[in-house]
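Shown next, in structure tokens, is the structure this report addresses.
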Amino acid sequence: MIEPPAPTYCANHPGVETSLRCNKCGKPICAQCAVRTPTGYRCKECVRGQLKLFDTAQWYDYLLGFGTAGILGLLASYLASLISRLSFIGWILIVIGAPTAGMVIAEGVRLVTRKHRSRPLFITIAAAVVLSALPVIILHLLTLDIFTLIFQGIYLFIATPVVYARLSGIQMTR
């Protein structure tokens, strides 16, 4: 008579029976511990180790990226304030120009950081885009130019996610 194999339990949750194993290290994992990857399920430790291979940003990439995004973002924010004076055509230009500005900022940052990557770097760059618009926003707050402030909001609402998505490689469609 053949006996059934002994049950295996999750390495992280000893009370949870499982038949799932990490496809990299072979460690038994439960559904809660499993991370789905394109090549199968892996444990969180193996996924974390793999992510470290892709995080290539150095400390100076943060400074270079922040500075580049700040300068280009300030310029784009200023242009958005100029576009706000063009009445109806301004609405069309801001909807077309904001994603274009986001792509230009992202490509400028990618150039100076030599395509180094890391999630904190992408967040730093997105923050730089928002912070670079503050001088223009403050100037128009002092003059109570509400119409230009609306254009600044539209610009930031569109350009900031474009910068982040372009740098991180997030695909909006598949």
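Where a number appears in this text, it was derived from the coordinates with a stated rule and is not lab data. Bear in mind the structure is a predicted one, so any value in this text is a computation, not a measurement. Don't worry about glycine lacking a Cβ; one is built from the backbone with ideal geometry, like all the others, and counts go over all protein chains shown.
Summary table
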quantity: Förster radius 30 Å - calculated FRET efficiency between PHE88 and VAL130 (Cβ-Cβ, nearest 0.05); calculated: 0.65
quantity: Lysine pair number, Cα distance threshold 19 Å (strictly under), the chain, separation 8 or more or different chains; calculated: 5
quantity: Degrees, to the nearest 10: 44-54 long Cα axis against longest axis of the chain; calculated: 40 degrees
quantity: The chain, helix-only ellipticity at 222 nm - DSSP H runs n ≥ 4, -39,500 (n - 2.57), divided by all residues, nearest 500; calculated: -21000 deg cm²/dmol
quantity: From phi via Karplus (6.51, -1.76, 1.60), per-residue ³J(HN,Hα) for the stretch 117-123 in Hz, x at Gly/Pro; calculated: 10, 4, 4, x, 5, 5, 5
quantity: For CYS25, distant residues with modelled amide H under 5 Å away; calculated: CYS43
quantity: Among LEU156, LEU75, LEU139: highest mean-square fluctuation, GNM of the chain, C-alpha pairs under 10 Å; calculated: LEU139
quantity: Test item: Cα-centred dipole of the chain, Lys/Arg +1 and Asp/Glu -1 on Cβ, debye; calculated: 480 debye
quantity: Farthest toward positive dipole pole in the chain [+1 Lys/Arg, -1 Asp/Glu at C-beta], among CYS33, ILE105, ALA11; calculated: ALA11
quantity: Charge-dipole axis of the chain as Lys and Arg at +1 and Asp and Glu at -1 on Cβ define it, positive-most pick from LEU141, TRP59, CYS43; calculated: CYS43
quantity: Normalised contact order of the chain, rounded percent, pairs of Cα under 8 Å and 6 or more residues apart; calculated: 22 percent
quantity: Estimated FRET transfer efficiency when R0 is 35 angstrom, pair ILE123-GLU17 (beta carbons, to 0.05); calculated: 0.35
quantity: Inter-part distance where the stretch 1-29 and the stretch 74-142 are each reduced to a Cα centre, Å; calculated: 51 Å
quantity: Listed values (1) 15.6, 49; (2) 23.5, 88; (3) 20.7, 67, entry calculated as Rg and Dmax of the Cα atoms in Å; calculated: (2)
